[in-house]
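Okay, so here's the structure we're looking at.
Since every read-out is calculated from the coordinates, none of them should be taken as a lab result. Since the structure is predicted, the reported quantities are computational estimates derived from the model, not experimental observations. Cβ coordinates were reconstructed from backbone atoms using ideal geometry, including for glycine residues, and neighbour counts include every protein chain displayed.
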Amino acid sequence: MKTIKPFLTVMAVLICTAFLAVHPAAAQDLLLKNGVIYTFDKGVLKGYDLLVQDGKIARIDKKITPPKKIKTINLSGKSVIPGIIDSHNHIGLAGQINEYSETVTPEILMQDQLNPDHPRIYTSLSGGVTMTHTMHGSANPIGGENVTIKLKWGKTPDEMIEKRAWRSLKMALGENPKGRRGTYPETRMGVSDIIENAYLEAVDYREKWRQFKKKKQDTPETDRHKLIPPQKNYRLEAILDTIDGKMVIRCHSYRAEETLDLIRLSKKYGFKIAAFEHIHQAYRIADELKAHNIGISIFIDSWNYKAEASEFTPWGLRLLHEKGVTIALNSDTSEKMRRLYMEAGKMRRYAGMNDLDALKTITLNCAQIMGMADHTGSIEVGKDADLAVFDGHPLSSMSKCLLTVIEGEIYFDRAKDPFVKVK
Amino acid sequence: MISPRRHEEHEVKEKKMKKLIILIIVLAAMCVSVSAQDQADQPIAIKAKKIVTVSGKSIDNGVILVKGGKIEAVGASIAIPEGAILHEYKDAIVYPGLINAFTTLGNTGISAIRQWNDAWEVGLFKPNLSAFTAFYPWSNLIPISREFGTLTALTVPGMGLIPGKAVLFDLHGWSPEDMFIRKEAALVMAVPEPPDPPLRTNKRYKKRLERVKKQKKDLWAFVDKAHKYYQRAKKGGNNPFNPKYEAMKDLWEHQLPAIINASSAGNIRWAIKLAKTFKFKAILADVYEGEEVLAEIKNSGFPVILGSMYSRNRKWDDGLDKVFRLPAQLAAKGIPFAFSSSWGSAAFDLPLNAGRTVAYGLSQEEAVKGLTLYPAKILGLTGYGSIEPGKIANLVIADGNILETSTVVKDVFIKGKKVTGKSFFRREYHKAEAKISGE
């Protein structure tokens with residue numbers, strides 16, 4: 001008995017220390033000194049400090065004295081940009097990216113198979129990426145509900161899921177959803193019909209429930225238990241969510257005509273398309289995309305890998321930019337995700353964009369099509385402290401990311417990282 | 001009615017007029033043909049803000065004189081001869097034409113369409129196949145690569161252990177013969193890599209491992225037999241005809257280099273041993289684990305052709321920057337290397353592959369050399385790779401640093417002639433801008 005008390009005390013101390021080592025106190029306060037800060041509202045601020053408190057950008061000013069002892073990093077003139085956002089990816093998933101057993105599966109949730117230990121998450125962090133829109137694949141005309149995650153390596157899926165983002169449903173047109181099952185759909189006509197049919201069924205389902213509810217009201221209370229309601233259908237309710245403005249559509253397309261066809265359906269049934277994905281022929285329909293306020297989430301110049309990607313020109317980005325279409329760059333893979341800053345740099349040569357507009361294509365524009373523009377995507381007081389520090393010009397091929405910060409916490413630090421040899 | 005006498009006079013006048021007209025036509029024709037002759041030899045002068053010679057110091061506000069397709073002179077204060085056509089680029093930088101050392105340009109089109117792939121034949125040992133026989137000069141991918149500065153490339157066959165022979169060409173011309181520099185510029189080989197071990201060793205993994213081991217043995221045996229075939233042919237006497245061994249003779253008869261793809265450290269060592277044992281010239285390609293065998297590569301004297309710099313590390317422990325930190329290590333050891341951008345559709349992004357490695361320790365000068373002088377030397381292109389008197393006038397006029405993401409190539413010259421043909425990318429832009437249906 002005498003020895004047990006000190007033993008328990010020692011054990012308690014050891015366990016607490018171990019716990020603290022594995023779960024350090026949340027470091028959501030940070031001071032970055034003497035950086036070149038890329039803001040969209042005040043331009044490029046040279047020799048400025050950036051103060052982060054409770055995970056939010058608190059102050060951008062020259063020579064900030066921190067209110068209390070917080071982690072301070074002297075950037076010595078290095079560039080700070082908003083954390084890079086990839087608005088179209090499939091990383092962090094534990095299994096298949098496609099539920100291709102059926103053609104319409106909007107009821108499934110990509111967040112159900114989030115794998116927070118996926119190495120590709122770490123690969124992306126090393127390129128300054130702080131948030132991704134992890135999507136269902138393009139095997140189905142109507143796929144599943146996508147999930148937006150902040151790349152908080154080491155945290156649980158619940159901590160990574162970004163609940164403030166718009167709910168979004170994946171749709172796909174063209175060669176990927178058709179001709180792969182040996183059955184319907186074999187043509188683009190079939191793909192269009194399958195999508196329209198889902199909306200017709202959803203509208204019919206709603207009508208049946210409306211009729212049932214009315215009948216219930218007209219039935220005396222004592223007899224209501226005798227009424228049999230229509231069967232609950234999670235699939236069609238997900239479709240109805242897109243009509244009720246609770247979920248936006250993000251649609252994979254390549255050719256201009258299939259894109260225009262979905263826009264037609266969106267007007268007919270009242271669903272909102274936030275952006276088209278890949279859409280290699282966007283340069284042919286810049287006017288229509290602008291008129292319907294639909295953005296694009298694209299590769300900068302990967303093309304010709306299949307027939308529908310063979311009519312394309314990166315110089316067409318100039319037409320889209322001139323018309324004011326929201327352009328977001330994506331990678332679809334973690335290798336490209338970690339060099340999105342290089343892809344954005346190319347916007348300057350293809351579209352004649354200046355540095356800040358080019359930077360928006362991997363930050364603010366992406367946040368806009370994901371419904372996160374109020375919370376992240378730019379360096380502004382009050383927004384999440386999602387930041388990336390680069391050792392050179394942030395859009396140059398010859399630069400690399402040194403530090404990746406999400407809501408004030410450092411998730412990638414090249415100087416200390418054991419998985420990068422060149423510091 | 002004209003009187004007979006008047007008619008005679010009229011006839012004489014007509015004959016004289018005819019003679020005069022013929023004389024005028026002949027003289028005009030002579031003038032035209034003389035100026036066409038002159039045009040081919042007509043000197044061209046290119047003036048630019050900066051000339052990156054690669055072989056020496058860069059020249060500010062320099063001039064390049066071109067005649068007969070070759071560089072005649074380059075310097076800061078060169079007198080521009082009378083009659084020379086002057087191209088002035090006030091804000092541009094001139095580079096030697098970039099060289100893509102390993103690609104499928106001209107042999108492949110849309111990746112997913114099998115009918116458009118003429119680089120991947122069936123079979124393991126195919127030294128008798130040549131990429132030049134299936135080279136498609138009208139591929140829309142060729143002007144696109146050219147538009148971003150690649151003016152020369154090596155197109156290689158793929159698949160198997162000895163896919164075949166590669167073709168070296170300039171990216172301008174109408175028929176294949178217009179473009180070829182060398183129809184059979186190298187033999188391509190590939191050392192098979194063992195599959196990644198699974199979490200638990202299973203039967204399938206063991207089978208694949210066995211197959212790879214056997215293929216390596218077979219590759220060694222094949223080269224051995226081909227070498228013996230060549231030796232018997234030299235001696236004369238009984239040597240039954242074998243088309244594959246016949247195709248291998250170039251390795252020894254004409255010192256045709258063999259580009260050997262090897263990724264792991266073990267395979268790189270094996271490739272060096274193969275080339276040294278059977279005494280043929282080798283170029284090592286891919287060399288993913290080159291970092292571990294830098295000394296061996298240096299001692300072998302063999303140069304390196306790098307794979308795409310847009311690649312991931314294959315093992316977690318290799319580190320995230322495994323692929324793009326290698327060029328700096330090769331440069332530090334003095335091992336010549338060339339960049340490549342393999343698949344035809346992605347080939348145009350070659351300069352940025354090189355640019356990326358500058359972030360990981362390679363100097364900008366070495367990066368540019370890896371796109372110009374080094375591939376020229378590695379592929380035996382003595383007239384290419386730098387802006388010096390006597391070299392072929394393959395020139396890229398860029399509005400900035402060729403390694404940078406914002407740079408646009410304004411003009412290219414191939415063999416001294418300014419290329420005016422527009423790429424598919426440019427034509428599509430103009431069509432969409434003006435909303436033209438058709439061309």
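To the nearest µm²/s, what D does Stokes-Einstein give for the stretch B:219-288 at 37 °C and 0.692 mPa s, using the Kirkwood radius over alpha carbon pairs as Rh? It diffuses with D of about 257 µm²/s by this estimate. Determine the shape class of the stretch A:229-386: with a ≥ b ≥ c the square roots of the Cα gyration tensor eigenvalues, call it rounded for a/c under 1.5, and otherwise prolate if a/b is greater than b/c, oblate otherwise. Taking the square roots of the gyration eigenvalues as a ≥ b ≥ c, the stretch A:229-386 is oblate.
Note on the stretch A:207-272: semi-axes of the ellipsoid equivalent to its C-alpha gyration tensor, largest first and rounded to whole Å, are 37, 11, 9. Taking amide H as placed 1.01 Å from N in the peptide plane, the amide H of B:His87 sits under 5 Å from that of B:Ala45, B:Ile46, B:Lys47, each at least 5 places away or on another chain. For the peptide A:342-349, the mean number of other protein chain Cβ atoms found within 10 angstrom of a residue's Cβ is 5.
Can you tell me how much longer the chain between B:Leu209 and B:Arg312 gets when fully stretched, taken as 0.36 nm per residue apart minus their C-alpha distance, in nm with one decimal?
34.8 nm
Where only DSSP H runs of four or more residues are counted, chain B gives -11000 deg cm²/dmol as its mean residue ellipticity at 222 nm, each run worth -39500 (n - 2.57). For chain B, the relative contact order comes to 18 percent (Cα pairs under 8 Å, sequence separation of at least 6). In degrees from 0 to 90, rounded to the nearest 10, what is the angle of the helix A:188-218 Cα long axis to the longest principal axis of chain A? In chain A, helix A:188-218 runs at an angle near 80 degrees to the longest axis.
Using bins of 5 Å that start at zero, the share of Cα-Cα pairs per bin across the stretch B:280-434 amounts to 2, 8, 15, 19, 20, 14, 10, 7, 4, 1, 0, 0, in whole %. Within the same chain, lysines fewer than 8 places from A:Lys63 are excluded, and of the rest, those with a Cα less than 24 Å from its Cα are A:Lys33, A:Lys42, A:Lys46, A:Lys71, A:Lys78, A:Lys383. Relative to its residue count, chain B spans a Cα convex hull of 256 Å³ per residue. Around the amide H of B:Trp120, modelled in the peptide plane, lie the amide H atoms of B:Gly158, all under 5 Å away and 5 or more residues distant in sequence or on another chain.
Shape class of chain A from the alpha-carbon gyration tensor: oblate, with a/c at 1.5 or above and b/c at least as large as a/b. For chain A, averaging the sequence separation of C-alpha pairs within contact (under 8 Å, six or more residues apart) and dividing by the residue count gives a relative contact order of 19 percent. Set against the 2.2 N^0.38 Å expectation for a compact globular protein, the protein assembly as shown has a Cα radius of gyration ratio of 1.14. For B:Ala332, the shell of other residues with beta-carbons less than 13 Å away shows a net charge of +1, using +1 for Lys and Arg and -1 for Asp and Glu.
Given R₀ = 41 Å, what would the calculated FRET efficiency be for A:Arg224 paired with A:Lys56, taking r from the Cβ atoms and rounding to 0.05?
Details: r = 51 Å, r/R0 = 1.24.
Between A:Arg224 and A:Lys56 the formula returns 0.20.
Show me the ranking of peptides B:388-401, A:74-87 by mean Cβ neighbours inside 10 Å, starting with the highest.
On the way: B:388-401: 20.6, A:74-87: 22.9.
The most tightly packed comes first, giving A:74-87, B:388-401.
Let me make sure I get this right: for the stretch A:276-367, a, b and c are the square roots of the gyration tensor eigenvalues over alpha carbons, sorted descending. Under 1.5 in a/c it's rounded, otherwise prolate if a/b > b/c, else oblate. Which is it? Before the final figure, lay out each step's value.
Details: a/c = 1.45, a/b = 1.05, b/c = 1.38.
Verdict is rounded for the stretch A:276-367.
Residue order for B:Ser300, B:Ser145, fewest other beta carbons within 10 angstrom first, comes to B:Ser300, B:Ser145.
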